[in-house]
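The structure appears right after this line, and notes come after that.
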């Protein structure tokens, strides 16, 4: 097996988590340590999903075609 395959699969998995970064900067995601509660608003979810889709598309454009 090729190691590039594992890198690509890891990038696919982490793309949605990376999509959460702009939502966190915008304040749509917050964590209350005292209550141990993670709050994500609807715009935060949409931003994360769209960021994940964009990163997944970029990964597929780079490595998905032969």
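The values are calculated or read from the model by the stated rules, or taken from the named source; none is laboratory data. Note that the structure is a prediction, hence the values are computed from the model and not measured. Quick reminder, even Gly has a Cβ in these numbers, built from the backbone with ideal geometry, and neighbours come from all protein chains shown.
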Worksheet item: Among the residues of the stretch 1-47 satisfying the criterion of being exposed (fewer than 10 other Cβ atoms within 10 Å of the Cβ) and over 24 Å from residue 64 (Cα atoms), which is modelled with the lowest pLDDT?
Response: 38
Worksheet entry | Any chance residue 56 is assigned to a helix (DSSP H, G or I), surrounded by 15 or more Cβ atoms within 10 Å (Cβ to Cβ) and touching a residue at least 40 places away in the same chain (Cβ under 8 Å) | yes
